[in-house]
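In what follows, a single structure is set out as structure tokens and then discussed.
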Amino acid sequence: MAHKAALMPLACFAVLAGVFAMALLREHNPAILPSALIGKPAPALELPAALKGSKGLTPEALTGGITAVNIFASWCVTCVGEQPTLMQMKKDGVTVLGIAYKDSRENIALWLQKHGNPFSAVGLDEKGRAAIDWGVYGVPETYFIDAEGIVRHKHIGALSMQDYTAKLKPLLEEMRK
Amino acid sequence: MIIELGHFALVFALLLSLAMAAVPLFGAHRERESWMRLAKPAAISISGLVTISFFSLIHAYALSDFSVRMVVENSHTMKPVIYKIAAVWGNHEGSMLLWALILALWTTRLVRQKEIPLPLQARALGVAGLLQAGFLSFILFASSPFQRLEPPAKEGLDLNPVLQDVLLAIHPPVLYMGYVGFSIAFCLAAAALIEKKADSNWAGILRPYAMTAWIFLTCGIGLGSFWAYYELGWGGFWFWDPVENASLLPWLAGTALLHSVAVLEKRGSLRGWTVFLAILAFSLSLTGTFLVRSGVLTSVHAFASDPLRGVFILALLGAMTGGALLLYAFRAPYLKIAGGFRPVSRESALLLNNVFLFTVLATVFTGTVYPVILSALDLGTVTVGPPYYTLCLTPLLVPFALLMGAGPNLAWREAQLAPVLKKLILPFVAAAGLALLPGFLRSEFQPVATALIFAASYIGAATLQELFTKTNRFRHFRLPASFYGMVLAHLGFAVMLAGATASTAWKSEETLWMKPQQILAFADYDITLRGIQAGLGKNYDFDRAQLTVATEGLAVGTLAPEKRWYPGAQRATSETGLLRDGLGIVYATLGDADAKDPLRRVLRFYFHPFILLLPLGVTLIALGGAVALLRRKRGEHGA
């Protein structure tokens with residue numbers, strides 16, 4: 001016969017195990033922090049070109065087709081990891097725009113030369129002002145904008161190939177409709 | 001070929017574990033001696049097989065066999081040999097195998113246990129067999145380190161350079177010795193519940209296991225904290241990170257267990273509670289592993305998150321802890337035997353100690369799992385930070401300290417309070433004076449620091465006073481080893497608490513841009529940046545700042561913080577520059593260069609006074625445990 005007090009630990013443990021199971025089994029992604037921009041028009045883009053001889057970012061850059069706006073920096077170590085994914089996205093017909101956050105033209109040029117350049121245009125956000133408009137938490141972050149210029153999705157952190165194929169591809173398909 | 005041999009050995013070990021679980025447990029139930037005796041050879045064979053399996057992995061890593069998937073993912077030919085071998089347990093799969101190996105080795109220690117009744121031993125080994133079967137099936141079915149790669153890779157993907165560190169290489173084995181060591185206490189507790197019997201003899205068998213595990217855990221936590229201090233470059237030694245808490249929780253439960261098992265061994269009381277703590281210590285080790293491995297809690301340390309593994313570990317946790325607690329619910333009432341003691345006695349003091357430790361444990365546990373609970377119930381994402389712990393733990397520590405000073409003075413069974421209180425006036429006054437001193441010197445009053453310094457000095461003073469009286473003013477030292485162990489551990493706790501408080505409350509911090517030859521006046525020092533040099537290390541290139549530190553014109557030493565780039569892993573790390581001055585440490589990290597002027601660099605400095613008291617305190621605590629383990633000799637009797 002079980003004593004009431006002796007049952008207490010088991011009861012507590014059962015509750016905890018239940019909570020752990022719930023935490024584990026629900027789709028769990030701590031990286032999803034809501035962005036106030038989702039479902040709203042993207043902030044106006046007005047940034048000088050980061051690379052000599054190429055164009056900067058203008059509001060027109062966001063019209064026509066699906067655009068990914070990637071906020072990166074040459075001093076950002078994890079950004080290196082997402083370059084192949086961005087390249088793949090470019091191959092798949094997504095216009096990839098870059099915003100270089102608190103960076104210098106020399107470093108960006110060197111960095112893109114070393115790690116590849118998936119961007120059709122790169123704007124330089126020297127003081128980090130544009131990043132404030134976009135609500136950037138840190139680099140890298142990527143925003144997905146549909147043909148109407150509405151922000152549909154925000155990805156925080158480096159975009160892995162897995163993120164892209166598992167989550168973003170279906171989303172992009174949907175945005176194309 | 002050798003890898004397949006290792007894989008096969010592990011499969012065989014799993015089958016043997018199942019046999020070790022079933023046959024002796026059933027044999028003990030039916031009182032068949034020959035069945036019970038089977039546990040010993042089974043345990044020894046399992047440890048042999050798991051060792052073979054582990055060495056097959058070491059072999060693959062040492063020779064950089066890139067046809068093995070884990071080797072490709074975690075090693076590199078350019079890596080120094082010691083890190084190639086450490087890479088075996090630097091990842092999820094390998095560290096689970098290390099866990100199984102350590103469990104197997106601990107189990108063989110139980111096989112050699114003297115003066116243990118055969119049924120108790122057979123049952124404990126049987127439960128160990130159940131645990132081992134659980135871990136081995138987790139390795140084989142959900143995280144096999146033996147997978148081959150077809151075709152083999154040409155080169156490995158390196159180990160995270162942050163993890164390329166001697167301290168970190170030895171940290172997991174030490175920590176696991178602690179975690180897994182508690183499994184033996186767990187097995188003995190389960191066996192006691194099956195037998196409905198937990199007496200002084202049982203406590204005497206359990207205590208050395210719990211103590212040894214606790215010593216390893218103490219060292220493991222200390223090493224981890226020291227590693228975080230100099231490697232992460234954040235200028236702190238404890239971040240209340242979930243992974244750190246995961247190692248602290250079983251330590252707290254283990255500390256409580258060591259105090260309650262002493263009561264059971266000497267006086268025969270607190271039986272059910274001691275059994276419960278033995279179950280708790282290991283369950284918390286498991287929970288910690290679960291929280292880290294499953295990705296339920298994200299943290300800087302999380303290096304493997306896989307939902308399937310999480311489900312598997314949760315099932316293991318449910319079966320092991322749930323099973324033991326179920327047994328506890330039905331059998332603990334039988335353990336109750338009237339072993340009465342008065343409200344004022346050593347027993348009460350130790351019980352009160354358990355209440356405090358348990359409250360601290362509950363506080364840390366709540367802070368750790370609260371974010372998980374919130375996110376499970378869709379109530380948002382939060383993190384619980386240091387302010388919560390400071391706020392909750394400081395008020396607990398002061399009464400805890402008062403008790404810690406008084407407890408060892410009380411006699412077993414029934415004690416007189418008045419003389420003890422009278423005796424403690426001296427340490428109390430001394431500690432109060434010491435605690436108020438920094439306030440006078442600096443003409444600023446920090447309430448939290450004052451309270452904690454008071455707690456630390458009071459524990460220190462009361463413990464020394466107790467040593468003084470018990471040894472009859474240092475005239476005779478023939479006291480039980482456990483007394484000296486207690487003195488060392490309590491002094492260690494006081495020293496550690498003082499170090500943690502002083503280095504946090506009176507630290508200095510400065511971040512700035514510096515150019516060569518620039519001089520910074522920082523804390524009591526003048527720090528000069530002599531220059532920045534670039535160079536090539538073993539498998540990385542680096543920038544190194546040369547700094548000289550002087551105080552009042554006299555040179556103290558140099559600091560050389562580095563920024564490293566590992567091309568193999570495409571990662572940058574920063575190496576802290578440390579300079580010891582007395583008990584304090586001057587700490588420097590090198591940051592980025594100015595884009596326009598590469599000679600201008602960001603530098604960050606910390607000065608942590610008295611921080612060396614921390615490792616000193618932790619060492620004393622661990623040493624106290626080791627001393628308490630020494631066998632009683634020459635007719636000494638228990639304290």
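The values are calculated or read from the model by the stated rules, or taken from the named source; none is laboratory data. Computed from a predicted structure; not experimentally measured. Every residue, glycine as well, gets a Cβ built from its backbone with ideal geometry; the counts of neighbours run over all protein chains shown. Ligands, DNA and RNA are excluded from the accessible area calculation, which covers all protein heavy atoms including side chains. Shrake-Rupley method; radii C 1.70, N 1.55, O 1.52, S 1.80 Å.
Is it fair to say B:ALA401 is within 15 Å of B:ALA349 (Cβ to Cβ), open to solvent by less than 50 Å² (accessible area, probe 1.4 Å) and assigned to a helix (DSSP H, G or I)?
Against the criterion (within 15 Å of B:ALA349 (Cβ to Cβ), open to solvent by less than 50 Å² (accessible area, probe 1.4 Å) and assigned to a helix (DSSP H, G or I)), B:ALA401 qualifies.
Regarding B:GLY224, is this residue in a loop (DSSP other than H, G, I, E, B) and within 30 Å of B:THR619 (Cβ to Cβ)?
So B:GLY224 does not fit the description; no.
If you check B:ARG600 against the conditions, is it at pLDDT 90 or above and open to solvent by 40 Å² or more (accessible area, probe 1.4 Å)?
Here the answer is no, as B:ARG600 does not meet what is asked.
Among what's in the stretch B:29-43 and is assigned to a loop (DSSP other than H, G, I, E, B) and without any contact (Cβ under 8 Å) to a residue 60 or more places away in the chain, pick the residue that is farthest from B:SER17 (Cα to Cα).
This residue is B:ARG32.
Quick one: how many residues across the stretch A:47-62 are more than 14 Å from every other protein chain (Cβ to nearest Cβ) and either surrounded by 18 or more Cβ atoms within 10 Å (Cβ to Cβ) or modelled with pLDDT of 85 or more (or both)?
7
I'd like to check something: does the stretch B:492-503 contain any residue that is open to solvent by less than 20 Å² (accessible area, probe 1.4 Å) and hydroxyl-bearing (Ser, Thr, Tyr)?
Within the stretch B:492-503, one or more residues are open to solvent by less than 20 Å² (accessible area, probe 1.4 Å) and hydroxyl-bearing (Ser, Thr, Tyr).
Considering each residue of the stretch B:350-396, count those that are aliphatic (A, V, I, L, M), within 11 Å of chain A (Cβ to nearest Cβ) and either in a helix (DSSP H, G or I) or open to solvent by less than 30 Å² (accessible area, probe 1.4 Å) (or both), and give that number.
Selection size over the stretch B:350-396: 6.
Report yes if B:ALA198 is outside any helix (DSSP H, G or I), within 14 Å of another protein chain (Cβ to nearest Cβ) and out of contact with any His (no Cβ under 8 Å at 6 or more places or on another chain), otherwise no.
Judged against the criteria, B:ALA198 is a match.
Condition (residue is within 13 Å of chain B (Cβ to nearest Cβ), modelled with pLDDT of 85 or more and buried (at least 20 other Cβ atoms within 10 Å of the Cβ)) applied to the stretch A:20-41: is it met by at least one residue?
no
Give the residues of the stretch B:58-84 that are within 20 Å of B:MET1 (Cβ to Cβ) and within 26 Å of the chain's Cα centre (by Cα), sorted by residue number.
Matches in the stretch B:58-84: B:ILE58, B:LYS84.
Do we find that B:TYR458 is surrounded by 18 or more Cβ atoms within 10 Å (Cβ to Cβ), among the aromatic types (Phe, Trp, Tyr) and more than 29 Å from B:PRO609 (Cβ to Cβ) in this structure?
No, not satisfied.
Could you check how many residues of the stretch A:103-145 are within 13 Å of chain B (Cβ to nearest Cβ) and β-branched (Val, Ile, Thr)?
Of the residues in the stretch A:103-145, 1 are within 13 Å of chain B (Cβ to nearest Cβ) and β-branched (Val, Ile, Thr).
State all residues of the stretch B:32-54 that are basic (Lys, Arg) and over 30 Å from the mean Cα position of the chain (by Cα); if no residue qualifies, say none.
B:ARG32, B:ARG37
Taking the stretch B:289-314, which residues are in a helix (DSSP H, G or I) and either closer than 26 Å to B:ALA262 by Cα or modelled with pLDDT under 75 (or both)?
Passing the criteria: B:THR289, B:PHE290, B:LEU291, B:VAL292, B:ARG293, B:PRO307, B:LEU308, B:ARG309, B:GLY310.
In the stretch B:67-107, which residues are assigned to a loop (DSSP other than H, G, I, E, B) and open to solvent by 30 Å² or more (accessible area, probe 1.4 Å)?
Residues satisfying the conditions are B:THR77, B:MET78, B:TRP89.
From the list B:SER144, B:SER137, B:SER183, which one is open to solvent by less than 10 Å² (accessible area, probe 1.4 Å), out of contact with any Pro (no Cβ under 7 Å at 6 or more places or on another chain) and under 24 Å from B:SER45 (Cβ atoms)?
Checking each option against the conditions leaves just B:SER183.
Please give the number of the condition B:TYR334 fails out of (1) in contact with a helix residue (DSSP H, G or I) (Cβ under 6 Å, 6 or more places away or on another chain); (2) within 10 Å of chain A (Cβ to nearest Cβ); (3) of a type outside the set (Lys, Arg).
So the condition that B:TYR334 fails would be (1).
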